[in-house]
Each structure stands twice: as structure tokens, then as C-alpha cells.
2 protein chains.
Amino acid sequence: MSEFDAYIDAQRARVETALAEYFPLEPAHPHRLTESVRYSLLSGGKRIRPILLLAACEAVGGDTQGALPYGCALEMIHAYSLIHDDLPAMDDDALRRGQPTNHIVFGEGLAILAGDALLTEAFDLLTRSAAAAPQPQRALRAMHEIATAAGARGMIGGQAADLAAEGRAPDLATVEFIHVRKTGALILAAVRAGALIGGASAPALRRLTRYGECLGLAFQIADDILDAEAPTSVTGKEQGRDGVRHKATFPAVLGLPAAKQRARELLEQCMESLRRFDGAADPLRGIARYVVGRACAP
Amino acid sequence: MSEFDAYIDAQRARVETALAEYFPLEPAHPHRLTESVRYSLLSGGKRIRPILLLAACEAVGGDTQGALPYGCALEMIHAYSLIHDDLPAMDDDALRRGQPTNHIVFGEGLAILAGDALLTEAFDLLTRSAAAAPQPQRALRAMHEIATAAGARGMIGGQAADLAAEGRAPDLATVEFIHVRKTGALILAAVRAGALIGGASAPALRRLTRYGECLGLAFQIADDILDAEAPTSVTGKEQGRDGVRHKATFPAVLGLPAAKQRARELLEQCMESLRRFDGAADPLRGIARYVVGRACAP
């Protein structure tokens, strides 16, 4: 196992241990709701957002232990968005990470509520963390990043635009509009929130913002390429489902070779934006390589 | 018009003006999403939660202008919960306040997203308010009250328990469990958050907590009585719909006369808990009388 793989595994384990503690099976919650939340939250996944947040905090010399709850909150928000996106009224997906989606197992009503609960508990966790933070203003700034990225100007706006675009022939501007918001906003918020909690200087924050923007787009392009190329055994989703539904994707508007080229250029831009950082930014470098590499062999 | 009615009208107008400003029709949001949010958020309603929050702040001598964003956030959370509760997978209601429900007008997908957006923007607003607050710790405590009340231990837990109870013969313990969470938690949070922002002393907070607990239960009992008795022209909902679906309600388990008696007793307890407050608590007294009075003629 490479040093980077070991780093990722260790961080993922930290995040997953913390996440499980936030949703214990206890009598104060209705049991079935907790089961539904845990089913989606603790079912694996790359944990790329919290790991990014921790890595960005580390890159500016911050305390990653204090940043952990922010990463967990971000993962809760991500988990809620997947549950709601999979619903029949949205993307209507029956399979996620090789498992039946939440509403298939628990029913639509409970799936909606599990998503609502994850979103609400994420902000409760952020609020408690800010109240306990040595510098509440710094914590509140990070919270604001996360809330704005998750909201109508960010992730939810992207999903609404995606819904509106379905069935129409996608163009590049629409695809970028959707992806910058639907996926990019939360990836960028992970990087920026981690940097803010870590006490980043203004120039460092600017460079990491550039890194986060490029990575967010690269991440989505890679995801689109994987969906178009890889079988279900790799993605855990039904193969080529985006294409069947005329979803707005980069391969659909650029073609596969140009989409891969675009992802590689974005990787170079990620690396360039980290040029002035020392070895503490190596995890950020490794994450960018990993994100692009899983879809475009180097 | 009575002095109390004039007070309520003035506070409602303050809240509605502020709410409309938080969701302008602007290009940064996808247009249809904003329309869907505004349709539910700005379609009337009693605004009882924000008015309560302002009144509790006033009762302890606090600055209600600074409390206004907290009240608005609470109303956004309330509006999101109504949109999601009305969905076909939940209560499946086609009519709310005499108008078609959100998913009837905008479709289920957008209705789910409009709810998600309202919840997220509520926390974004709270975060910005806390960052600008003269005492961030006080603001964070109020935020925590609201988040916990809205979450799996509060409102969402109540809705999950309500879903689970549907179709089964309800008993009093189940009905209380559901209502204390589903409606009571947010009413109590309105009172406590308003008191906290207003700088309530510990004894004042304790008394207002008692007031909020009794009011929350009285509010739901009154709502149940209205649903059982009043025609659609008054409630804006289909008459007797709770009974048809064997929903867990107080009239169903206690009978109407005992439910009314219970509401009147709770009103007395509200008044008793405000005994040591001066005229600044008159709006809280008026709200309690109004809440019970609309279902039980004095």
C-alpha cells in the first residue's frame, strides 16, 4: 500500500468512527428513522469531502482534530443529498454503491425524513462545534461557506437546474452551470472551510480556492467518464444510466477523449495552484491525482 | 380592531417583509426553484412561530429587531416541513391554506428541493446572524435550540413517529409523543430562542420554557379540534381528513369535550407560568388566548 493510500485509509477511518457516534441507536430517536439515516451515512463511500477538508486544514498548518466535526457535517450533507437525489421524483435510482437506495429499503416517506434529519443534524453539529471553538468567528465563517454551498445558490440550485435540463439536449454552458453547483460547490466548500478553520492567510485561501474550483470540476468530469465507461461492478450504479436519460454530462457534450483531456488539464491546474505549498499539501496533491486518475489512466 | 390584533398584524407584516427579501427573484437562483420556495413561504399563514420568538424576546426586555432573522429562519424551517409533510409519500395533501400544495403546482422533485432549500437557507441566515451578533455565544445557543428542535429528536422524529403510527389505532401516549415533537418542539424553540437572544435570566428562561411546553401542546390540540369540527372554508384543508386516515389526534383518543377541556387547562398553565412577568409579556398572554380560543369558545 502506498503512503497516500495509507493516509486516505486512516483519515477515512477517523471520519467513519466519528460519523457513527453522531447517530447512535438510542431511544430518543424513533428507531426506524435512525436505521434509515445510518443505512445511508455508514454504507461506505469515498468520504472525499471530509478528507479534503482535513487535508486543506493540514495544508495550512491547522489542527485537524478540531476540523473533524466540520468534515463530518459536510459528509452528512452529502449523504442527505444522495438520498433525496435518488428518490423517484428526482433521479429515480434503485442502486447506489452496489446497494438498494434508501427509499427502496425504507420507503419514500422515511427516505425524505432521513435526508431532512441528516441536513438538520449537520447544522446542529456545526453549531455545537462553533460554540465550543476557540475562535467562534472563524468557525462561523466556515459554517457560512458550507451553508451557502449546500443551498439554492449551490448544490440545491444545481440539482434544480439538472431536473429542468433532463430530456433536453445538453450544451456545455448548461453542463458547467449544473456541475459547478451540484458537485463543485460542496467540494470547494470542503477545501475553503478546512483552510478557514486551519487559519489560512488570505493568499493561501485564494490559492486553495483555485485548487478547490478545479478539483470540483475535475471530480464531476471523472464521475461522468466513469459512468459512461465502467460496468456496474465498478461504479455500483447501473451502467450508462446517465446517457439513457440524456443527463447533462461532459462526455455527452464534449465526447469522451475531450472530456478526459479536460480532466487532465484541470489536474495540472490543481497542481499549479499548490506550487507554493510545502509537503503539508501532499495529501491535497494526492487527492487531485486520485480523483482524475480513477477515470483517466495517466 | 383590538390592541392585540393590531400587534399581531404589525409583527406579521415585519416578518413577511423580511422573508420576501431573503428570497428575491434573481438570476443567481434557478428561477423555478425560487418560485417554488416563494409560493410556499409567502402564501400567508399565521406566522405564529416568528411572532412568538419576537414576543418572548420582548417579554425579557430584549431587542426584537436583532431577533427578527431568527424568527424568519424558524418560519423557513416551518415552511419546509409543511412542503415535505404534504408530499404523496407523507401525508399526501393536495390543499393547504385553501391553495394547491407545492408539489401539485411545481411537481414532487421541485417541492422536495424547495423544502431542502428553505431548511438550508434558514441555517445560512442563522449563521450570518450569529457572525454579526454582538454576543455570538448567545446567538449560537439560540441556533442550537432551533436545530435540535427541528432535528431527529424533535420535529423530524415526530413526523417519523406519525408515519409509523398511521393506520394503527392511536393511544394517548403515542399521540403525545408525536405532537410534543412534531409541533411542540418548534413552538418551544421559538419561545426559548427568543428569550435567549433577549438575554433572559435563568429563572425567566425556566418559566418561559414551561409556557412554551404548554403552548405547544395546546396549539396542536386546538389544531386537531379545528380539523375535526371546522369546514374547509375555515381550515383551508379537507375537512375531517385526519379522522379518515386514522391519524393520531387528541380528539380521536380523548373525545372532543375532553380535548377542549385539556386545551383550556393548558391555557391556564401558560398564564400561570407568566404570572411574574410584567406588561411586556402581554403579547405572550394574548397569543396563548388566541391559540386556544380559536378552537374552544371561552
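The values are calculated or read from the model by the stated rules, or taken from the named source; none is laboratory data. Predicted model, so just to flag it, every value in this text is computed and none were measured. Please note: Cβ atoms are built from the backbone with ideal geometry, for glycine as well, and neighbour counts cover all protein chains shown.
Summary table
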| item | result |
| --- | --- |
| Every residue from region A:115-150 that is among the β-branched types (Val, Ile, Thr) and free of Cβ contacts under 8 Å to residues at least 40 places away in the same chain | A:Thr120, A:Thr127 |
| Odd one out for A:Asp85 among (1) within 15 Å of the chain's Cα centre (by Cα); (2) among the acidic types (Asp, Glu); (3) at positive phi | (3) |
| Among residues of region B:5-50, those that are in contact with a Lys or Arg (Cβ under 8 Å, 6 or more places away or on another chain) and farther than 21 Å from B:Ile83 by Cβ, counted | 2 |
| Selection status of A:Glu121, at the interface with chain B (Cβ under 9 Å from one of its Cβ atoms), in a helix (DSSP H, G or I) and of a type in the set (Asp, Glu) | yes |
| Among the residues listed as A:Arg141, A:Arg153, the single one being surrounded by fewer than 22 Cβ atoms within 10 Å (Cβ to Cβ), under 22 Å from the mean Cα position of the chain (by Cα) and under 28 Å from A:Lys247 (Cα atoms) | A:Arg153 |
| Residue in region A:175-183 that is in contact with a helix residue (DSSP H, G or I) (Cβ under 6 Å, 6 or more places away or on another chain), within 12 Å of another protein chain (Cβ to nearest Cβ) and among the polar types (S, T, N, Q) present | no |
| Given (1) farther than 29 Å from B:Asp93 by Cα; (2) without any contact (Cβ under 8 Å) to a residue 40 or more places away in the chain, number of the condition A:Ile112 does not satisfy | (1) |
| Hits in region A:135-151 - residues which are part of a helix (DSSP H, G or I), at pLDDT 95 or above and at the interface with chain B (Cβ under 8 Å from one of its Cβ atoms) | A:Leu140, A:Arg141, A:Met143, A:His144, A:Ala147, A:Thr148, A:Ala150 |
| Where A:Asp116 falls short, out of the listed (1) touching an Asp or Glu at 6+ places or on another chain (Cβ under 9 Å); (2) closer than 28 Å to A:Val175 by Cβ | (2) |
| Condition check for B:Ala200: of a type in the set (A, V, I, L, M), at pLDDT below 95 and in a loop (DSSP other than H, G, I, E, B) | no |
| Neighbours by Cβ (under 8 Å, 6+ apart or cross-chain): first from region B:152-166, farther than 13 Å from A:Ala114 by Cα and at the interface with chain A (Cβ under 7 Å from one of its Cβ atoms); second modelled with pLDDT under 95 and surrounded by fewer than 22 Cβ atoms within 10 Å (Cβ to Cβ) | B:Ala164/A:Arg32 |
| Where a residue in region A:6-23 is without any contact (Cβ under 8 Å) to a residue 40 or more places away in the chain and its partner, wherever it lies, is part of a loop (DSSP other than H, G, I, E, B) and aliphatic (A, V, I, L, M), with Cβ under 8 Å and at least six apart | A:Asp9/A:Met1; A:Glu16/A:Leu42; A:Ala20/A:Leu42 |
| Any chance A:Ala132 is within 10 Å of chain B (Cβ to nearest Cβ) and modelled with pLDDT of 95 or more | no |
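For every residue, the table says whether it meets (1) buried (at least 21 other Cβ atoms within 10 Å of the Cβ); (2) without any contact (Cβ under 8 Å) to a residue 24 or more places away in the chain; (3) in a helix (DSSP H, G or I).
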| position | (1), (2), (3) |
| --- | --- |
| B:Pro170 | no, no, no |
| B:Glu176 | no, no, yes |
| B:Lys182 | yes, no, yes |
| B:Ile187 | yes, no, yes |
| B:Thr209 | no, yes, yes |
| B:Leu217 | yes, no, yes |
| B:Ile221 | yes, no, yes |
| B:Ile225 | yes, no, yes |
